[in-house]
1. Might you work out the accessible area of B:VAL54 for me, using a 1.4 Å probe with all protein chains in place, and round it to the nearest 10 Å²?
2. With springs only between Cα atoms under 10 Å, which of B:MET141, B:MET188, B:MET251 fluctuates most in a Gaussian network model of chain B?
3. Counting Lys +1, Arg +1, Asp -1, Glu -1, what net charge surrounds B:VAL73 among other residues with beta carbon under 11 Å of its beta carbon?
4. Taking a probe of 1.4 Å, how large is the accessible area per residue of chain A, in Å²?
5. As a test question: what accessible area, to the nearest 10 Å², does A:HIS131 have when a 1.4 Å probe is rolled over all protein chains in place?
6. Where in the stretch B:225-242 does accessible area fall by at least 50 Å² between the isolated chain and the complete protein assembly, at a 1.4 Å probe radius?
7. At q = 0.13 Å⁻¹, what is the base-10 log of I(q)/I(0) for the stretch B:223-307 according to the Debye formula with one equal point scatterer per Cα and no solvent? Please give it to two decimals.
8. At 30 angstrom or more along the helix axis (alpha-carbon based) and mean Kyte-Doolittle of -1.0 or higher, what helices does chain A contain? Whole DSSP H runs only.
Amino acid sequence: MATSTPAAPTGGQPHPASAGPPGKGGAGGGSSRQSRRTLIHRLDLGAMPYGFIAPFFLIFGAFGLYPLLYTFWISLHRVELSTMHTREWRGLANFTDLLQDDLFWNALANTFTIGVISTVPQLLMALGLAHLLNYRLRGSVFFRVAALAPYATSIGAAALVFTMLFERDFGMVNWALGLVGVDSIDWSSEKWPAQFAISTIVIWRWTGYNALLYLASMQAIPRDLYEAAAIDGASRWQQFRTVTIPGISATIIFTIVLSTIGATQLFGEPLIFGQGPNGVSGGADNQYQTLGLLLYEEGWKNYQMGRASAIAWAMFLILILVFVLQRVIGRVTSRKS
Amino acid sequence: MTTDIAPVLADAQDRTTPSRPAERRFGRALRPGAGRQHHAGPLAYVLLGFAALVSLFPLYWTMVAASTDNTRVTQTPPPFLPGPNLFKNLGKAWTDAAMGQAMLNSLIVAGVIALSTVFFATLAGFAFAKLRFKGRNILLMLVIGTMMVPPQLGVVPLFMMMADLGWGQKLPSVIFPTLVSAVGVFFMRQYLKEALPDELIEAGRIDGAHSLRIFWSIVLPIARPPMAVLFMITFVQAWNDFFWPFIALDMTNPTIPVALSQLSAGYVRDQSVIMAGALLGTLPLLAMFIVFGRQIVGGIMQGAVKG
């Protein structure tokens, strides 16, 4: 594991011994030992930093960067799961096929809608929660740990519990709705209820986490800004809008970016919510199949690795597109205000 | 999930502002009401209490459902209080759903990944924070850049690679791709940049210590608090990771999330047993949270303080 790290200093040592610099004035033994030491010292300063960062880059290169580039190469071929090393050149056909595939557009639309209904409420609620946590509180540690507890729950466990809570016949959600006179909702087989239920899992797991990020950044806002605003007669709400929100805008932008990445990759929640054979296809009518699920279905159910790779790249391109749009919108709105 | 890079990136944003070391220390962010001094009114407590209830209820209910039996848990109104069958169901989940194997696997996977991430991140973080070398800034930008790449992008070739290496369905296929983390490197760099005085390193050099010795005797002791935080965060993440383990492993040798996904797929029919499985998958992390919750919270907030 750590081989590459200690390798650097030992690999460096033979050098000064053989190169024992004679050109340095040709003094006695003492000074040659000293120059040898300075050479080791210089090698240590020059080479060791690279030795320190090498493990990261080597491992990342092998298991991160290389597969990533290779995905593109595979996406240009027809590759079957059973015969992974036989490739048939297809050029961009995998991509053009995708564009004509209703399943792809369906998955894209689902990813988008689930992404919006999970991200927007999540971040708004996180903002409110952070604001509350920012008060002087008794038991603040308890509230913070409680808010973060869902983050420690695995997708699997969370999805299983919520699948039960949203069960049609005996689920607690329908039971509670029944108490206020709402008829049972079929959360798994109808499109919007299913997407809503899946979003609930995402919101539950990540709201507290985002709230803590906001809270940390709120606490870095200087107090005198609030005092100045209060002197100017700003109400609590106006202070929140004019001091707090601008003060944490950088954090807000980053939570938006990261939630977007998370939403693009949504996989485990719909898979487990789908319970069984329908999981991968995102429900009987693909009503909640996301791009992540479609990627898995193409690759590991239909054995088309080339198509799966094309979907992976499509996801990446969409992500980039979203970021560019976000930047453009951000720039336009900030110019207005 | 990738969302975990949030604190670090938020931090990256604002590196130009002069830092206040006192505030950067771990745990400081926990000081209640550091920014604003308004006292919370009753309404705030009501709302927070409600939020805590919503946060914790699904966890509590998992326990309730896992302690009843299948007929009770599928009745309306649903049970709200624990029943007598907890240990029976846990035992059944343990054997029926391979939870024992899964838990052992998850412990190995998350433990190895967390240890190696922390070690390599401290090593590289130290180099980026305190050592001078050519291309340092470019390489650091590269590290940050890798955080933005979604893991899905590499799964197809990764799957082929693992098959070629003979690691198909085996734990190394899950461990190796996650041995290092860009987030970790950046996290450690940010901490060491401020917490580790240059004079200390220079003093070490004057005493004739080479870089590895300095790392071992000076950096590691100082970096212990953020290392602990990084360990916990990485452990939680590796324990919960789903997408790649689901592809790389099968039911004969699953991690907890993979085993749990099988519970839903009709592997086990008994709802109480399914919930017992979910509980088993959550318990170790929950225990860690009860013990170290304060530190984990502090660690996550720490990264974002300057955003």
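The values are calculated or read from the model by the stated rules, or taken from the named source; none is laboratory data. Since this is a predicted model, take the numbers as computed values, not measurements. Please note: Cβ atoms are built from the backbone with ideal geometry, for glycine as well, and neighbour counts cover all protein chains shown. To get the accessible areas, we keep the full protein, side chains included, count just its heavy atoms, and leave off ligands, DNA and RNA. Shrake-Rupley method; radii C 1.70, N 1.55, O 1.52, S 1.80 Å.
1. B:VAL54 exposes around 70 Å² with every protein chain in place.
2. Of the options given, B:MET141 has the highest mean-square fluctuation.
3. On the way: positive: B:ARG72; negative: A:GLU167, B:ASP69, B:ASP270.
Once all neighbours under 11 Å are counted, the net charge is -2.
4. 46 Å²
5. 40 Å²
6. Those residues are B:ASN240, B:PHE242.
7. At q = 0.13 Å⁻¹ the computed log10 ratios are -0.55.
8. Values: long enough: A:29-60 (46 Å, 0.25); A:102-133 (45 Å, 1.22); A:191-219 (41 Å, 0.41); A:305-336 (47 Å, 1.16).
Qualifying helices: A:29-60, A:102-133, A:191-219, A:305-336.
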